[in-house]
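Asker: Below are the structure tokens for one structure; questions will follow.
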Amino acid sequence: MSRQHTSVRSYGVLVEDRRVLLVRSSNPRHDPPLWWLPGGGVKFAETPVGALTREFLEETGLVVDQPTLLDVTSDVRRRDNGDRIHAVRVIYAVHLAGGTLRHEANGTTDHASWFDLGDLSTLRVADYALVALEAFTRSTARASDA
């Protein structure tokens with residue numbers, strides 16, 4: 001019998017010089033590779049911001065700060081075993097505070113890389129990440145109009 005559960009996840013949009021930092025799924029079934037925003041699951045009693053900074057460091061080697069809430073999205077998907085997962089994704093814009101870019105070992109991602117915002121159509125990018133980048137673009141356009 002399949003099960004269903006909810007998972008709260010926290011992700012960061014880091015854009016510098018019109019380039020965004022994305023991480024690649026380590027799942028070999030993702031062919032072509034699937035890219036998404038650094039971040040992941042919120043552990044029990046952890047804050048979304050705490051999860052964001054922890055996951056960002058784990059997946060990229062970078063320290064981020066100044067999180068600004070961009071969006072909260074939600075989707076339901078089915079795993080191979082039939083289980084249904086309701087993912088609630090808390091998305092923040094972040095600033096680079098330090099660290100050295102590196103790839104995660106033995107995790108859900110295996111590569112971190114910068115991409116020009118105009119080149120994302122050449123990649124397979126997770127839907128939620130594209131929605132988050134649209135929200136980021138809208139927020140920066142509003143800020144520059146002010």
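The values are calculated or read from the model by the stated rules, or taken from the named source; none is laboratory data. These numbers come from a predicted model, not from an experiment. Note that each Cβ is placed from the backbone with ideal geometry, even for glycine, and that neighbours are counted across all protein chains shown.
Asker: Looking for whichever is within 23 Å of Ser26 (Cβ to Cβ), hydrophobic (A, V, I, L, M, F, W, C) and more than 16 Å from the chain's Cα centre (by Cα) here; the options are Ala141, Ala105, Ala51. Which one fits? Give the steps one after another, and end with the answer.
Answerer: Values: Ala141 fails: within 23 Å of Ser26 (Cβ to Cβ); Ala51 fails: more than 16 Å from the chain's Cα centre (by Cα).
On inspection, the qualifying residue turns out to be Ala105.
Asker: Out of everything in region 1-31 that is among the hydrophobic types (A, V, I, L, M, F, W, C) and in contact with a His (Cβ under 8 Å, 6 or more places away or on another chain), what residue ends up being farthest from Glu58 (Cα to Cα)? Steps first, answer last, please.
Answerer: First pass over region 1-31, keeping only residues among the hydrophobic types (A, V, I, L, M, F, W, C): 1, 8, 13-15, 20-23.
Narrowing further to those that are in contact with a His (Cβ under 8 Å, 6 or more places away or on another chain): 14, 23.
Working: Leu14: 15, Val23: 11 Å.
Looking at the filtered set, the residue picked out is Leu14.
Asker: For Ala93, work out the one condition from (1) in contact with a Ser or Thr (Cβ under 9 Å, 6 or more places away or on another chain); (2) more than 25 Å from Ala141 (Cα to Cα); (3) at pLDDT 95 or above it doesn't fulfil.
Answerer: (2)
Asker: Take the residues of region 4-26 that are of a type in the set (Val, Ile, Thr) and surrounded by fewer than 21 Cβ atoms within 10 Å (Cβ to Cβ): which is farthest from the chain's Cα centre (by Cα)? Walk me through it before giving the result.
Answerer: Initially, region 4-26 is screened for residues of a type in the set (Val, Ile, Thr), giving 6, 8, 13, 15, 20, 23.
With surrounded by fewer than 21 Cβ atoms within 10 Å (Cβ to Cβ) added as a condition, the list becomes 6, 8, 15.
Details: Thr6: 17, Val8: 12, Val15: 12 Å.
Looking at residues that are of a type in the set (Val, Ile, Thr) and surrounded by fewer than 21 Cβ atoms within 10 Å (Cβ to Cβ), I get Thr6.
Asker: Restricting to region 98-131, name every residue that is at pLDDT 95 or above, closer than 22 Å to Val63 by Cα, among the aliphatic types (A, V, I, L, M) and not in a loop (DSSP other than H, G, I, E, B).
Answerer: Listed by number, the residues that qualify are Ala112, Ala129.
Residue by residue, here is whether (1) within 19 Å of Leu130 (Cα to Cα); (2) assigned to a strand (DSSP E or B); (3) among the charged types (D, E, K, R) holds:
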position	(1), (2), (3)
Leu22	yes, yes, no
Arg54	no, no, yes
Leu69	yes, yes, no
Ser74	yes, yes, no
Ile85	no, yes, no
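Asker: Restricted to region 27-44, and to residues that are in a loop (DSSP other than H, G, I, E, B) and of a type in the set (A, V, I, L, M), which residue is nearest to the chain's Cα centre (by Cα)? Spell out the reasoning first.
Answerer: Kept after step one, since they are in a loop (DSSP other than H, G, I, E, B), are these residues of region 27-44: 27-33, 37-38, 42-44.
Checking the rest, the ones that are also of a type in the set (A, V, I, L, M) come to 37, 42.
Details: Leu37: 2, Val42: 13 Å.
Per the criteria, the residue is Leu37.
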